[in-house]
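Throughout, read-outs are computed from the coordinates displayed, never taken from laboratory work. All figures in this text were calculated on a predicted structure; none of them were measured in a lab. Heads up, the Cβs are rebuilt from the backbone with ideal geometry, glycines too, and the neighbour counts pull from every protein chain shown.
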Amino acid sequence: MNEDNQKGKPLNFSQATLGSKITIEKKLIEKYDIYAAKAKKTSKFAIFISFILTSLSIKLFLNGNWVIGIITIILALISLFLFFMFRGVAIGGAFESGLLVPGMIVNTNPIEIVVLANISNSEDEQKKQYACKKTKVKLPLHQITLGEKVPCVAMFGGANNGIYTNFEPRPLVWACSSFEEITSEINRIDQSDWEYLDVVKNKVPKLEENQIALFNNNHEFTEVK
């Protein structure tokens, strides 16, 4: 495999076609990654639920309620799986497993970026579906100029009719303080994706927090998801 085309680490039975190769610094993640903070809270809730369900299943088994006990222990195991999944994201898993995608600064006060991603859950190039997300962020290390390139990783969620319905963009500087490494990641992203983003970045309409804007192959805005 070409090192420049290195895939992300497997996560949730899928693998990003292009993963980042940065040196991850957990202290930066704790300081800047807003999604990691949410994942940490979710992981704590998941392990609490797993503990409650495990205790309940033991009581059910002791009382001879085998069927309900088995169902309860399965739910406990699912909660435990969610704990490890969200815990992994909270400590940097997103930067190891997320898809490397382009972002650009479109506003400097406050700092706002537009991130482009292919939201198709198929690797077939013919089924590519571009989408953009606009978000306000903190960007250490960057110069903060309009049009400045901001390499990110994207974690995807939800799926409907072959596309993901949302994605979480994380600037790489949320996890890495090396300017050389960030520059290298910019160069690993396909130039055509940077060019596409440059054309559509100012066409993105106002979006709610969990919304994305879809664009066609002609750089035309089509709808909001």
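Structural remarks
- Between VAL199 and GLN6, the FRET efficiency from the beta-carbon distance, with R0 = 25 Å, is close to 0.35.
- Counting beta carbons within 10 Å around each of HIS142, HIS219 and listing the fewest first gives the order HIS219, HIS142.
- Sequence-distant residues sharing a close amide H with GLN129 (under 5 Å, placed H): ILE119, SER120
- In this rough spin-label picture, where each label sits 7 Å from Cα along the Cβ direction, the ILE74-GLU25 distance is 4.7 nm.
- Candidate values (i) 77, 45, 25; (ii) 48, 41, 37; (iii) 65, 40, 38 were compared with Cα extents along the principal axes in Å computed on the shown model; the agreeing label is (iii).
- Least to most buried among SER122, SER178, SER192, SER20 (fewest other Cβ within 10 Å first): SER192, SER122, SER178, SER20
- Theoretical gain in end-to-end length, HIS219 to ALA159 [0.36 nm per residue, Cα-Cα removed]: 19.3 nm
- Helices in the chain, meaning DSSP H runs of at least 4 residues, each add -39500 (n - 2.57). Divided by all residues, the mean residue ellipticity at 222 nm is -12000 deg cm²/dmol.
- Distance from the range 148-176 to the range 17-65 (C-alpha centre basis), Å: 20 Å
- Relative contact order of the chain, defined on C-alpha pairs under 8 angstrom at six or more residues apart (%): 21 percent
- Among TYR196, TYR130, the ranking by other beta carbons within 10 Å of each residue's beta carbon, starting with the fewest, stands as TYR196, TYR130.
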